[in-house]
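Below is one structure, written out as structure tokens, with a few remarks after it.
The values are calculated or read from the model by the stated rules, or taken from the named source; none is laboratory data. Since the structure is predicted, the reported quantities are computational estimates derived from the model, not experimental observations. Because the Cβ atoms are built from the backbone with ideal geometry, glycine has one as well, and the counts that use them run over all protein chains shown. In case anyone asks, the SASA skips ligands and DNA or RNA and just uses the protein heavy atoms, side chains included. Shrake-Rupley method; radii C 1.70, N 1.55, O 1.52, S 1.80 Å.
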Amino acid sequence: MTGEVRRILVVGHVAREEAIDATLNTLHFLLERAITPMLEREFVHELEGHLGVELPVGVEQLGRDGDVSACELVIVLGGDGTILRGVDLARDSNVPVLGVNLGHVGFLAESESESLPLVLQRAIDRDYEVEERMALRIDVTRPDGGRVTNWALNEASIEKGNRQRMLQVAIDIDGEPLSSFGCDGVLFSTPTGSTAYSFSAGGPIIWPAVEALLLVPVSAHALFTKPIVVAPDSELTVEIEPDGPDAIIWLDGRRSIALPPGSQVTGTRSEQPVRLARLHPGPFTTRLVKKFQLPTVGWRG
């Protein structure tokens, strides 16, 4: 459409020179093709103010409210942590996120750094599919009646606040008591998060196309402490012992909510999914083998 102003938000980090170079290359690539790149205000401050990086003319900054609704796409340059930050920015505006891996595993990334020019050209050509991933809605009810609602793409991790004391919890599924035990924590996870913290804690891998919720006890001291997979419309509830230590819940390892003794945490499916841009919509098995470098040759040849 003539006169259309196209904007793409570029999300990066300043931890490594490679990431800064990738960001600058991306900004120049977009500007040369009449696409307006946008950056977070804090990111610009880090690049220009702390590192003395000179940004090209034509780059715009997000407003203080972080609204990305004027952008058609969010391109993230980094590992899964940086991609989760991009998801944070994009979700409320329903803008798709395209990740380019500059980290180690990069399970949420769609491509690796060496294919960056091809990725950018496909983004400009709008040559990608958008896949919706289910997210978690987390409701916290404190003993004083206070309520907090938040969300997560990967997982919500309920953890003990005092390392020297075990967390005592009671688990309900769909309003029915299931079990109670002492533990280091409890995870609520989506299928997307099943290859993240949940995987490290001994949970199963769930294919992204499967609609389900996952509960994983962490270092639990009880007989019945296996991971549990439930229907997507189920309700997972963890009640924290009123006489026990404080706890905390981490959402995708980025946002936290304090949990005083006696708090109740409920995890359900969020009504708003996360939108990921896909360039290679191949089998999830292929992604697993590649990211985890799984051996696929055995006695069968």
Set the Förster radius R0 to 41 Å, insert the Cβ-Cβ distance between Leu223 and Val297 as r into 1/(1 + (r/R0)^6), and round the FRET efficiency to 0.05.
-> 0.60
To the nearest Å², the heavy-atom accessible area per residue of segment 154-301 with 1.4 Å probe amounts to 51 Å²
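For segment 51-121, just say rounded, prolate or oblate: build the C-alpha gyration tensor, square-root its eigenvalues into a ≥ b ≥ c, call rounded for a/c under 1.5, and beyond that prolate if a/b exceeds b/c, oblate if not. Before the final figure, lay out each step's value.
Numbers: a/c = 1.64, a/b = 1.20, b/c = 1.37.
Oblate, because a/c is 1.5 or more while a/b does not exceed b/c.
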Highest GNM mean-square fluctuation, the chain, Cα pairs closer than 10 Å: which of Pro245, Pro227, Pro143?
-> Pro143
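Roughly what % of DSSP beta bridges within the chain run antiparallel, to the nearest 5?
Values: 57 of 74 bridges.
So the antiparallel bridges in the chain amount to around 75 percent.
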Prolate/oblate/rounded label for segment 2-142 (Cα gyration tensor, a/c 1.5) = rounded
Taking K and R as +1 and D and E as -1, what net charge do the other residues with C-beta under 13 Å from the C-beta of Phe43 add up to?
-> -3
In square angstrom, what is the accessible area per residue of segment 28-129 with a 1.4 angstrom probe?
-> 45 Å²
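On full extension of the chain, what length is gained from Ser256 through Glu131, given 0.36 nm per residue of separation minus the C-alpha to C-alpha distance?
On the way: separation 125, 0.36 × 125 = 45.00 nm, distance 2.70 nm.
42.3 nm is the gain from fully extending Ser256 to Glu131.
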Based solely on its DSSP helices, what 222 nm [θ] is calculated for the chain when runs of n ≥ 4 H residues each add -39,500 (n - 2.57) and the sum is averaged over all residues, nearest 500 deg cm²/dmol?
-> -5000 deg cm²/dmol
Compare Ser69, Ser234, Ser115 in a GNM of the chain, Cα atoms joined below 10 Å, and give the one with the largest fluctuation.
-> Ser115
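Which order do Phe199, Phe292 take by accessible area at a 1.4 Å probe, largest first? Each step should come with its number before you reach the end.
Working: Phe199 90, Phe292 60 Å².
The residues order as Phe199, Phe292, largest area first.
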Rounded percent of accessible protein surface that carbon and sulfur make up, the chain, 1.4 Å probe | 49 percent
